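The values are calculated or read from the model by the stated rules, or taken from the named source; none is laboratory data. Computed from a predicted model, the values in this text were never measured in an experiment. Here the Cβ is made from the backbone with ideal geometry for all residues, glycine too, and neighbour counts use every protein chain on show.
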Amino acid sequence: MEPEAIWTAIEAQRRSLADLLAGLAPSEWTVHSLCAGWTVKDVAAHLTLSTVGIREAVPALLRARGKFDTMIHQTAVARAGERTTEQLVAELREIAASRRHPPGTRPIDPLVDVLVHGQDIARPLGQDRPIPIDAAVAAAARVWQKKLPHAARKRFAGVRFEATDAPVALGEGTPATGPIAAILLVISGRSTGLADLSGPGAALASRALAG
């Protein structure tokens, strides 16, 4: 995707997710998301932090003793505790068109975040949230390329993910076929995407996630 298309997709995804969140019952905000140890509210809070700069990131990383994953979790939980659900919805709408992104990231990274975390929120709530194919293709390519945090190429060595709705293949080896949205979820560490994959490589992918 071209940069302008990426930012347009990010804005659309943030706005539609804010609409979904605005319609949730209070009890739904406390539902466990697809992220282990994260509630729906925690994930929503994390997404409102997508535009933080280096001034905010460095102290947070120091508090987490240099552990990136710990920092991400700590900042999300802290924000969730400080904000009401109405405030989180308003903040997500407020940053919808922002083109800022955290230090050390690229514009595609906030797109990956909002696409995958949108599913982390929607699926446990039984909400259907389709992922646009072009956005899923770009996001999957980015996840596959990066070493952290998912290390997808290493984790799924020996599996060839073949999209059935886009001319995309990731990896080499035993084929696992399915929609690009499902592939994006699996290579991002979400086992829920496995249900939409088929082929002998799907079993290998399942074992890789379990391991």
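Here are some notes:
- Flag for ALA181 being in contact with a Leu (Cβ under 7 Å, 6 or more places away or on another chain) and among the aliphatic types (A, V, I, L, M): no
- Residue match in the range 63-72 (condition: more than 17 Å from the chain's Cα centre (by Cα), assigned to a helix (DSSP H, G or I), outside the structural domain of ALA141 (by TED's automatic domain parsing) and modelled with pLDDT under 95): yes
- Per-region count, the range 183-200, residues surrounded by fewer than 22 Cβ atoms within 10 Å (Cβ to Cβ), in a helix (DSSP H, G or I) and of a type outside the set (Val, Ile, Thr): 5
- Test: residue in the range 32-48 that is closer than 13 Å to PRO124 by Cα, modelled with pLDDT under 95 and surrounded by 17 or more Cβ atoms within 10 Å (Cβ to Cβ): yes
- Matching option when the condition is without any contact (Cβ under 8 Å) to a residue 60 or more places away in the chain, in a strand (DSSP E or B) and not charged (D, E, K, R), among THR105, THR177: THR177
- Tallying residues that are more than 21 Å from THR84 (Cβ to Cβ) and either of a type in the set (Phe, Trp, Tyr) or in the same structural domain as VAL186 (by TED's automatic domain parsing) (or both) within the range 7-48 yields 1.
Yes/no per residue for (1) assigned to a loop (DSSP other than H, G, I, E, B); (2) surrounded by fewer than 19 Cβ atoms within 10 Å (Cβ to Cβ); (3) on the phi < 0 side of the Ramachandran plot:
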| residue | (1), (2), (3) |
| --- | --- |
| ARG93 | no, yes, yes |
| GLN127 | yes, yes, yes |
| VAL137 | no, no, yes |
| GLU162 | no, no, yes |
